[in-house]
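Please read the structure below before turning to the comments.
The values are calculated or read from the model by the stated rules, or taken from the named source; none is laboratory data. Since this is a predicted model, take the numbers as computed values, not measurements. For neighbour counting, all protein chains shown are included, and Cβ atoms are generated from backbone atoms with ideal geometry for every residue, glycine included.
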Amino acid sequence: MMQSETRDFLIEHLSAVRGGWEAVQEIGTHVSVVLMAGDRALKLKRAVRLPYLDFLTPEQRLHACEAELAVNRRAALGLYRGVRRITRAADGSLALDGDGVLVDAVVEMRRFRQEDLFDRMVRDGRLTPALVADLGRRLAALHARAPVSRDQGGAAAILDLIALNDLSLRASGLVSQGEAAALRGAFRARLARHAARLDARRAAGRVRRCHADLTLRNICLFEGVPTPFDALEFDDRLATIDVLYDLAFVLMDLCHRERADLANLLFNCYLDAVEEPADEAADTGLIPFLMAMRAAIRAHVSASQAVGMGGEAEASLACEARAYLALARRLLADTSSHLLAVGGFSGTGKSTLAAALAPGLGPPPGARIVSSDRVRKRLCGVAPLSRLPAEAYAPERSDAVYAALRAEAGAVLAGGASAILDAVFDRPAERAAVAALASSRGASFRGVWLQGPVETLRARIEARRDDPSDATPAILAAQMRRDCVPMTWRRLDATLPPETLLASLQADDAAFFGSPPSPVRPDDAQAPDSSSMAARAIGSSPLAGTT
């Protein structure tokens, strides 16, 4: 039960600070209560002991508050103000940071609008590609700074989680005993394929002290910046995981909410921003499996939370649990690797078409896009938006760029994932080499060639802003003089909208390009936000946040 005296004291304190004109708002879970007024929020730990945490004594709660402050300041420095001690004076009164006996502690935060939580924003259609791209870059930087562990994580940790998930699914009543056994077998079989890679990643320092509860509801737009907050604080062991497993939570959440486009964008922007994206290429095939782990966890946690709620809330959570389970099974299904090459002169819209095609190519989160513009900048040791001199485009430099493209795509295919190569591909030898790469990896291959009138392409180049491409109208003119025959790739009209080209490719070759994605159901926007109804309870579970 909540410490009523401490809660009342904090409400009085917030009311006094605000001049008494604004009611104090309260959000509660089974482990904490957040009290909010004006621009301030105070988070108080409940005096509870659970299998995975112990907050019974004031000292334990103070330690938990200090741990929460430390871990969350890594990503949300401006959001977390500090820890306040609640003390009792000799006369029995309570005070903040007094000299008396410690009674409790709170984390003081800056308040933000609940509408700025990413789960609300995606539900309302306000989560933009620009914000998702920014989030990907910030998560890559957050992981790069995180403390490394080489004695946790790896295949053994995942095997333990599979066993825990199995027990939890059976206890939740969501599946029959036979269904639970089949799902456990599918997870174990997939783990057997990935065990060596997971252990190699641990040895390479890719297991780190992560956020560990990286769902959309734990990311907010704070001062215009995507900001992860409410990281798991009470057990470093549970939060020390592979960085791709951390990323997999939010990728899974986006796919669950039928935003495969944003999941693919986040996935690609994250990989573009890591220090050595080529080194991560072989491990992209792990991500569907790690997403399936996250989906199974959310399935049994949601099912367990639904029990006894009654009415619409229980029905909604039970439905959500089944949807998570269906996603887990989909992510575990065997799929083939695909390699798509998108070619064409500057201004034809190669990158735009690649981004439109990537979500449906292979299992979620879709295909890894490898762009010649970004690879060239990386090989030259400059940022993607930096301008390169003409000598960076000399034939021998371009040969190295295309070789790097093929190497990264080959690693993606070897890991069981799919890739899209975005480059001019005006030379027959380069087109032949990329087709041979797909054949050598046992992957299906398609090549598409975008073409359009020079006036259109020139106008697009001149209109570009903040783009990795260094193309100019003069470069386009030189490209147009080249002889690209024989052109055996499928020709596409670059003047058509990307969605039209996508629909045409999917209609003609659904086995490769995937079926058109299901639209978001009209009733989704009006339906009760079941994830929000139980979000705080679910989010406080160790299974929701760490496993």
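Computed quantities for the displayed model
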item	result
Those strands (runs of 3 or more DSSP E) lying entirely in segment 350-458 with at least 2 residues over 30 Å from Ala295 (Cβ atoms)	444-451
Flag if Ser386 is under 26 Å from Ile475 (Cβ atoms), hydroxyl-bearing (Ser, Thr, Tyr) and in contact (Cβ under 8 Å) with a residue 60 or more places away in the chain	no
Qualifying residue in segment 303-316 (condition: at positive phi and part of a helix (DSSP H, G or I))	yes
Residue that is of a type in the set (Asp, Glu) and buried (at least 19 other Cβ atoms within 10 Å of the Cβ), where the choices are Asp426, Asp422, Asp399, Asp466	Asp422
Matching residues in segment 325-354 - criterion: being more than 30 Å from Asn165 (Cα to Cα), crowded, with 21+ Cβ neighbours inside 10 Å and among the small types (Gly, Ala, Ser)	Ala341, Gly343, Gly344, Ser346, Gly347, Gly349, Ala354
Where Leu69 falls short, out of the listed (1) surrounded by 15 or more Cβ atoms within 10 Å (Cβ to Cβ); (2) part of a loop (DSSP other than H, G, I, E, B); (3) out of contact with any Leu (no Cβ under 6 Å at 6 or more places or on another chain); (4) not β-branched (Val, Ile, Thr)	(2)
Set Ala260, Ala278, Ala295: member being in contact (Cβ under 8 Å) with a residue 12 or more places away in the chain, of a type in the set (Gly, Ala, Ser) and buried (at least 23 other Cβ atoms within 10 Å of the Cβ)	Ala295
Unique match (being free of Cβ contacts under 8 Å to residues at least 12 places away in the same chain, of a type in the set (Gly, Ala, Ser) and assigned by TED's automatic domain parsing to the domain that holds Val424) among Gly366, Gly381	Gly381
Sole exception among (1) hydrophobic (A, V, I, L, M, F, W, C); (2) modelled with pLDDT of 50 or more; (3) surrounded by 14 or more Cβ atoms within 10 Å (Cβ to Cβ) for Ala511, by number	(3)
Options Thr500, Thr495: the member that is assigned to a helix (DSSP H, G or I), among the polar types (S, T, N, Q), modelled with pLDDT of 95 or more and surrounded by 11 or more Cβ atoms within 10 Å (Cβ to Cβ)	Thr500
Residue among Leu50, Leu77, Leu42 that is under 28 Å from Arg138 (Cα atoms), surrounded by fewer than 17 Cβ atoms within 10 Å (Cβ to Cβ) and of a type outside the set (Ser, Thr, Tyr)	Leu77
Residues (surrounded by fewer than 18 Cβ atoms within 10 Å (Cβ to Cβ) and either β-branched (Val, Ile, Thr) or outside the structural domain of Ala299 (by TED's automatic domain parsing) (or both)) located in segment 145-170	Val148
Every residue from segment 1-32 that is closer than 23 Å to Gly78 by Cβ and either modelled with pLDDT of 85 or more or surrounded by 15 or more Cβ atoms within 10 Å (Cβ to Cβ) (or both)	Leu10, His13, Leu14, Arg18, Val24, Gln25, Ile27, Ser32
Condition check for Ile219: closer than 21 Å to Glu108 by Cα, within 16 Å of the chain's Cα centre (by Cα) and either crowded, with 24+ Cβ neighbours inside 10 Å or modelled with pLDDT under 95 (or both)	yes
Residue match in segment 132-141 (condition: touching a residue at least 12 places away in the same chain (Cβ under 8 Å), among the small types (Gly, Ala, Ser) and within 30 Å of Ser304 (Cα to Cα))	no
